[in-house]
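Read the structure below first, then the notes.
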Amino acid sequence: MATRLPEPPRVGMVSLGCPKNLVDSERILTKLRSEGYSMSADYAGADIVLVNTCGFLDSAKEESLEAIGEAIAENGRVIVTGCMGKEAEVIRARFPNVLAVTGAHQYEEVVGAVHEAAPMPANAYLNLVPESGLKLTPRHYSYLKISEGCNHRCAFCIIPSLRGDLVSRRPDAILREAEKLVEAGTRELLVISQDTSAYGVDIRKEPRMWKGELVTPHMTDLARELGKIAPWVRLHYVYPYPHVDQVIPLMAEGLVLPYLDIPFQHASHKVLKLMRRPANEAKVLERLRNWRAIAPDITIRSTFVVGFPGETEEDFRYLLDWLDEAQLDRVGAFRFEPVEGAAANALPDQVPEEVKEERYARIMEKTAAISAAKLEAKIGRTLEVIIDVVDEDGATGRSQADAPEIDGEVHLRDASHLKQGDIVRVEIEDADEHDLFGVPLN
Ligand code: SF4
């Protein structure tokens with residue numbers, strides 16, 4: 001018997017303006033076509049019409065508005081994009097029925113609006129890639145990027161010159177992606193960006209509808225919504241800004257994992273200033289104490305740079321003493337490297353390589369001892385563990401305190417009945433410097 005395939009939605013496009021706009025139109029159509037959408041050459045055959053506008057001159061704006069009016073009259077289901085997206089109020093005032101207005105070069109926004117207005121039917125013959133996209137991680141955990149670029153200008157980093165200032169993804173697009181990932185088997189979402197705590201600063205006045213409610217583009221609101229979608233949500237690259245305090249109660253409630261990856265990079269105020277890092281180490285210690293009072297199991301992971309230009313033996317000792325007080329759970333350390341193009345390269349008092357090596361060995365020794373003591377204190381406790389690998393000898397997983405690839409593991413005996421992605425309770429029987437050992441209770 002012949003299989004009847006569902007008809008994919010048909011997209012019409014009106015492209016106005018300069019060749020740059022034309023290229024944008026081509027990109028949007030290429031993306032939609034690769035997802036399985038069909039194209040329509042006329043209004044009548046289209047399920048949705050995109051009008052890519054030009055706003056260069058007043059006459060071009062008027063032409064764009066006329067084109068929107070024509071598409072509404074002829075088809076009725078219209079999404080506006082391009083340069084006039086900046087004047088969304090003007091468009092909405094004249095055409096209240098437009099389905100969405102997005103700006104120039106906002107491919108994800110316009111494609112997201114098409115997904116919403118004319119969703120592709122789920123069908124293995126039409127969809128060349130799974131709804132959750134192609135992944136390089138195992139099925140049970142996925143990285144979720146919430147923004148691109150960074151507004152800081154740390155002296156050792158060239159990311160802002162490579163990727164520009166922070167551009168946040170709209171919250172509903174992130175939540176939709178999270179939902180698709182979870183439907184496809186993800187149990188742990190790893191939220192990443194260059195600066196997760198700054199999420200939404202560029203779009204803070206643009207809340208979006210999600211499941212009938214407005215979601216503000218802010219780390220706390222996003223984390224809360226993600227917590228409703230995935231069993232485990234882990235936050236990476238968070239800076240200790242005051243508003244991070246609001247996320248800690250979500251950890252206490254179990255919506256977000258009690259885990260924060262905060263790249264402190266140093267503790268000495270002088271070195272942090274040379275690094276141009278936004279932080280005040282005295283308040284950070286106080287903040288850590290408060291966080292632990294609210295979420296006693298919170299795991300703090302961090303990274304530090306040793307041998308930054310101008311770092312004296314006194315600064316370095318200050319860092320070691322600070323680590324004694326901060327009692328961070330997981331620490332990665334790097335010797336300062338002059339990356340081509342970084343402002344730090346021109347700083348005076350570069351630290352000799354052998355001194356960097358020696359400081360690196362000292363910080364690693366200190367943090368390994370803290371980590372080992374913290375792990376030993378977990379012996380006898382029952383922890384939740386997500387299973388990564390199962391073989392005939394047992395299974396390997398991670399506790400809530402362990403992000404994949406960068407933190408430790410939990411090695412389980414008598415666990416060959418478990419499956420990858422299971423989240424189980426484990427009695428911890430032993431520990432070494434990095435890992436835990438235990439037995440599943442279910
Ligand atoms: S180190 Fe991080 S916060 Fe600093 S400029 Fe680079 S990406 Fe931004």
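For residues that are in contact with a Lys or Arg (Cβ under 7 Å, 6 or more places away or on another chain) and surrounded by fewer than 20 Cβ atoms within 10 Å (Cβ to Cβ), tally how many sit in segment 330-340. Walk me through it before giving the result.
We begin by selecting, within segment 330-340, every residue in contact with a Lys or Arg (Cβ under 7 Å, 6 or more places away or on another chain); these are 330, 335-336.
Checking which are surrounded by fewer than 20 Cβ atoms within 10 Å (Cβ to Cβ) leaves us with 335.
The number of residues fulfilling the criteria is 1.
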- Message: Name the residue that is surrounded by the most Cβ atoms within 10 Å (Cβ to Cβ), counting only residues in segment 341-360 that are within 35 Å of the chain's Cα centre (by Cα) and within 13 Å of Phe316 (Cβ to Cβ).
- Response: Arg359
- Query: Based on what the data block shows, is Thr137 modelled with pLDDT under 90 and either buried (at least 17 other Cβ atoms within 10 Å of the Cβ) or away from the ligand (no atom under 16 Å from the Cβ) (or both)?
  - Reply: yes
- Query: What single numbered condition from (1) crowded, with 21+ Cβ neighbours inside 10 Å; (2) within 16 Å of the ligand (Cβ to nearest atom); (3) over 21 Å from the mean Cα position of the chain (by Cα); (4) not basic (Lys, Arg) fails to hold for Ser268?
  - Reply: (2)
- Message: Under 7 Å between Cβ atoms, which residue pairs at least 6 apart in sequence (or on different chains) link something in segment 244-272 that is without any contact (Cβ under 8 Å) to a residue 40 or more places away in the chain and farther than 24 Å from Leu226 by Cβ with a partner that is within 15 Å of the ligand (Cβ to nearest atom) and part of a loop (DSSP other than H, G, I, E, B)?
- Response: Leu272/His266; Leu272/Ala279
- For the subset of segment 152-194 comprising residues that are in contact (Cβ under 8 Å) with a residue 60 or more places away in the chain and among the acidic types (Asp, Glu), which member is nearest to Ile387 (Cα to Cα)? Glu188
- Query: Can you pull out the helices (runs of 4 or more DSSP H) entirely within segment 1-111 that have at least 2 residues that are within 29 Å of the chain's Cα centre (by Cα) and within 30 Å of Glu177 (Cα to Cα)?
  - Reply: 19-34
- Query: Taking segment 230-246 on its own, how many of its residues are more than 16 Å from the ligand (Cβ to nearest atom) and under 15 Å from the mean Cα position of the chain (by Cα)?
  - Reply: 4
- Met219 meets each of (1) free of Cβ contacts under 8 Å to residues at least 40 places away in the same chain; (2) more than 16 Å from the ligand (Cβ to nearest atom); (3) in contact with a Phe, Trp or Tyr (Cβ under 9 Å, 6 or more places away or on another chain) with one exception, condition (2)
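Just wondering, is there one or more residues in segment 115-123 that are at positive phi, more than 16 Å from the ligand (Cβ to nearest atom) and out of contact with any strand residue (DSSP E or B) (no Cβ under 6 Å at 6 or more places or on another chain)? Before the answer, list the steps.
Here is the first cut: in segment 115-123, the ones at positive phi are none.
Checked against the condition, which is being at positive phi, more than 16 Å from the ligand (Cβ to nearest atom) and out of contact with any strand residue (DSSP E or B) (no Cβ under 6 Å at 6 or more places or on another chain), segment 115-123 yields no hits at all.
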- Query: Does segment 124-147 contain any residue that is under 12 Å from the mean Cα position of the chain (by Cα) and assigned to a loop (DSSP other than H, G, I, E, B)?
  - Reply: yes
- Item | Given (1) of a type in the set (A, V, I, L, M, F, W, C); (2) within 27 Å of the chain's Cα centre (by Cα); (3) under 30 Å from Gly310 (Cα atoms), index of the condition Ala401 fails | (3)
- Report, by residue number, each residue of segment 277-317 that is touching a helix residue (DSSP H, G or I) at 6+ places or on another chain (Cβ under 8 Å) and within 16 Å of the ligand (Cβ to nearest atom). Ala279, Asn280, Val284, Phe304, Val305, Val306, Phe308, Pro309
- Per the filter on segment 168-198, residues within 16 Å of the ligand (Cβ to nearest atom) and assigned to a loop (DSSP other than H, G, I, E, B) are Ser193, Gln194, Asp195
- Note on the structure: In segment 154-167, residues that are more than 6 Å from the ligand (Cβ to nearest atom) and either surrounded by 17 or more Cβ atoms within 10 Å (Cβ to Cβ) or of a type outside the set (Gly, Ala, Ser) (or both) total 8
- Only residues in segment 223-237 that are closer than 15 Å to Ile406 by Cβ and in a strand (DSSP E or B) count as the first member; pair them with residues that are within 16 Å of the ligand (Cβ to nearest atom) and small (Gly, Ala, Ser), Cβ under 9 angstrom, at least 6 apart or cross-chain, and list the lot. Leu235/Ser197
- Of all residues in segment 238-250 being touching a Leu at 6+ places or on another chain (Cβ under 9 Å) and assigned to a loop (DSSP other than H, G, I, E, B), which is farthest from Lys283 (Cα to Cα)? Val238
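Condition check ((1) farther than 15 Å from Ala369 by Cα; (2) in contact with a Ser or Thr (Cβ under 7 Å, 6 or more places away or on another chain); (3) in contact (Cβ under 8 Å) with a residue 40 or more places away in the chain; (4) exposed (fewer than 15 other Cβ atoms within 10 Å of the Cβ)) across all residues:
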{"site": "Arg289", "(1), (2), (3), (4)": "yes, no, no, yes"}
{"site": "Ala293", "(1), (2), (3), (4)": "yes, no, no, yes"}
{"site": "Ser302", "(1), (2), (3), (4)": "yes, no, yes, no"}
{"site": "Gly307", "(1), (2), (3), (4)": "yes, no, yes, no"}
{"site": "Leu328", "(1), (2), (3), (4)": "no, yes, yes, no"}
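The values are calculated or read from the model by the stated rules, or taken from the named source; none is laboratory data. The model shown is predicted, which means the values in this text are computed figures rather than measured ones. So basically every Cβ, Gly included, is an ideal-geometry build from the backbone, and we count neighbours across all protein chains shown.
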